[in-house]
Each structure stands twice: as C-alpha cells, then as structure tokens.
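Enquirer: Shown below is the structure under consideration.
Throughout, read-outs are computed from the coordinates displayed, never taken from laboratory work. This one's a predicted model, so the numbers in the text were calculated from it and none came from an experiment. Positions of Cβ are backbone-derived with ideal geometry, glycine not excepted, and every protein chain shown enters the neighbour counts.
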Amino acid sequence: MFARDGDPHPRQFTYPSLPTYFDTALVLAARASGRLRLDGSLADYVKALPLGRGLAVAFGVATIAACFTLALQAFGSRAAALAAALVTATNPLHALYSRFVTVDGIATFFVTLGLLFAVRAGQFRRRRDFVLGGFCAGLTASCKFNLGIVGLSLLPAAATGLGGSSPDERRRRLGDLAVAGLVAFLAFALTSPYCVLRYAADGSLERRIEVPARAVTSLCFGGSDGRDLYVVTADNTESSERKGTVFRARSEIAGAPVAPARV
C-alpha cells in the first residue's frame, strides 16, 4: 500500500515496520526504473516477491560477513572467524530465513552488528561504538520487538575494566550507556508505527486515531462496556519525560470479550 498510495503506515502491528520499509524501497526503485508496474491488485504481491527474496538473500550473505567480523574482533583469530562464518552459512535456519520474505533474516543481521559494536565498545571504550551499538539495537527492535534485548550487551561492555577506575571514568561510562539508550530509542521510534486505524468489514479505512507518539506497541479493549480502547506506546511526543504511555479512547463498537482464565 505504501508503494501504491504513498501512505507510509504499514497497517499491521504483528511486527515493527523496518523490514516493510526496506521491501517498499526496493519496489519503489523498481517501479521508478520501469521494471515493475503496480495495478493495485493481489498480483502486485507476486510481482514484488522476487525483490523481497533478493533482499533476504542479501541480508543473509551480509550476516555471514558480519559473523566473520564479529569473531575476528572478539578472538583475534582468522581461523575462528572463518569457522564462525562457516557455521552461520551452513546453519539450516539461517539458510531457510535467507530464502523467504520474513523479518528474521534482517533482524539477525542487526543483532550481529549490535554484538560486534558491543565487543568493540568493551575493547576500545569509545563512545562511537556505544552509539553504533545502540543504533543497531534500535533497528533490531524495529525488525522484531523482542530482539531489541541485544542492546543489553552494552552493559558488560561498559563495565569492562571499571574496577579501581576513577569516578570521572565511571560517569563517562554511564554517559556512554545513556547516549546509546537514547540512540536506540530514536532509531526504534523513527521506524515504528505511530497511530491506530480501524477498518470496516469491506476493508476500507473507517477511522484513524492519532496519538502523540511514534511507536505504538499494542492495544486492547476494556471498561465496563468493552468500548474503552487502550493504546500502549513506547514514547510520548508531547511529554518526553513520560516515555512510554497508555492512552485511552472511546470506541463506538465494543471489543470482543476475552474468555477468563485461571493462572
């Protein structure tokens, strides 16, 4: 829909938006060059599928190279780096996800880069490595929410060699972590959904609920009549100090009841 209508909202929240934007960029480039024509039908997906698979292969190959670089950086051994690249290249799951248009291959690439910069941050203690590690963590979360945990690898990197260090050095490390966290948040927020949409039975857009946030993470219905819509976000553009926020809006239609469960 982005390629056809120019609307950047992905209209789904199962996964974040970054892989969709990568695929859309390829489709737009192919259309601009005259190699791809879109008519708004289901056939558009079939036409764009080879582009998505080509992108998956490219990220799969890049991940192998990133694993080689990560092992070389961590162990300083070319033999270890070649072994890491070989294990990655022959891993059945890696080969599988490098063939299909999924979020996993792209997310794995950014996870590997995030680990690489975490290793470099621990070795050289440079702020730019913390920043790049945070950036990769944010992009990873924008591919698959739970994989953003790779950003935690910067914690042991910051703690490396802190024993007996001066208070100034400890404050500097905390500053590195703070900057990395901010960069990760910005990278995620700028490539994530930012509003809630409602569709009619025929698939047409019926209502758009704007919220002062760029990163909507989930939503659910509640209230005594089931018509309170709660929108959970990872940021708040009106009040940055609040960060994640829960917004509430009224809906004309009640949400489907959820069967109670005893835990």
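Enquirer: By the gyration tensor of its Cα atoms, with a ≥ b ≥ c the square roots of the eigenvalues, what is the shape of region 195-250: rounded for a/c under 1.5, prolate for a/b over b/c, or oblate?
Expert: Since a/c reaches 1.5 but b/c is at least a/b, the shape of region 195-250 is classed as oblate.
Enquirer: When the chain is fully extended, how far beyond the present Cα-Cα distance does residue 83 get from residue 225, taking 0.36 nm per residue of separation?
Expert: Roughly 45.2 nm would be gained on extension.
Enquirer: On a 0 to 90° scale, report how tilted helix 167-190 is relative to the longest principal axis of the chain, with both axes built from alpha carbons and the result rounded to the nearest 10.
Expert: 30 degrees
Enquirer: Give me the angle, in degrees from 0 to 90, between the Cα long axis of helix 127-141 and the longest principal axis of the Cα atoms of the chain, rounded to the nearest 10.
Expert: Roughly 30 degrees, rounded to the nearest 10.
Enquirer: Sticking with this structure for a sec: Given R₀ = 41 Å, FRET efficiency for residue 160-residue 100 by Cβ-Cβ distance, to 0.05?
Expert: 0.60
Enquirer: On a 0 to 90 degree scale, rounded to 10, what angle separates helix 18-32 from the longest Cα axis of the chain?
Expert: Between the helix axis and the principal axis of the chain, the angle is about 70 degrees.
Enquirer: Using 0.36 nm per residue of separation minus the Cα-Cα distance, give me the extension gain between residue 171 and residue 209 in nm, one decimal.
Expert: 9.5 nm
Enquirer: Placing +1 at every Lys and Arg Cβ and -1 at every Asp and Glu Cβ, with all other atoms neutral, what dipole size does the chain have around its Cα centre, in debye to the nearest 20?
Expert: About 620 debye.
Enquirer: So what does the Cα-only Debye profile of the chain read at q = 0.09, 0.10, 0.16 Å⁻¹, as log10 I(q)/I(0), no solvent term?
Expert: Debye curve over Cα of the chain, log10 I(q)/I(0) at q = 0.09, 0.10, 0.16 Å⁻¹: -0.54, -0.66, -1.24.
Enquirer: Same structure again: From the square roots a ≥ b ≥ c of the eigenvalues of the alpha-carbon gyration tensor of region 99-245, which class results: rounded (a/c under 1.5), prolate (a/b over b/c), or oblate?
Expert: Prolate is the answer for region 99-245, as a/c is 1.5 or above and a/b outweighs b/c.
Enquirer: Another one. Connecting C-alpha atoms closer than 10 Å in a GNM of the chain, tell me which of 245, 90, 233 has the biggest fluctuation.
Expert: 90
Enquirer: Calculate, in nm to one decimal, what residue 258 and residue 61 gain on full extension: separation in residues at 0.36 nm each, minus their alpha carbon distance.
Expert: Full-extension gain reported as 66.6 nm.
Enquirer: Could you identify which residue out of 215, 81, 118 has the top mean-square fluctuation in a GNM of the chain using Cα springs shorter than 10 Å?
Expert: 81
Enquirer: Using Cα-Cα distances under 8 Å and only pairs 6 or more residues apart, what relative contact order does region 195-250 have, in percent?
Expert: 26 percent
Enquirer: With θ taken as phi - 60° and the coefficients 6.51, -1.76 and 1.60, list the Karplus ³J(HN,Hα) couplings across region 149-158 in order, rounded to whole Hz; mark glycine and proline as x.
Expert: 4, 4, x, 5, 5, 6, 5, x, 5, 6
Enquirer: Among 80, 118, 60, which residue has its Cα furthest toward the positive end of the charge dipole of the chain, with +1 on Lys/Arg Cβ and -1 on Asp/Glu Cβ?
Expert: Of the listed residues, the answer is 80.
Enquirer: Give the relative contact order (percent, whole number) for the chain; include only Cα pairs under 8 Å separated by 6+ residues.
Expert: Over the chain, the number comes to 13 percent.
Enquirer: If amide hydrogens are placed 1.01 Å from N in the peptide plane, which non-local residues have theirs closer than 5 Å to the one on residue 206?
Expert: Here the answer is 198, 199, 200, since their amide H atoms fall under 5 Å of that of residue 206.
Enquirer: Going by amide H atoms built from the backbone, whose H comes under 5 Å of the H on residue 211, apart from near neighbours?
Expert: Amide H neighbours of residue 211: 196.
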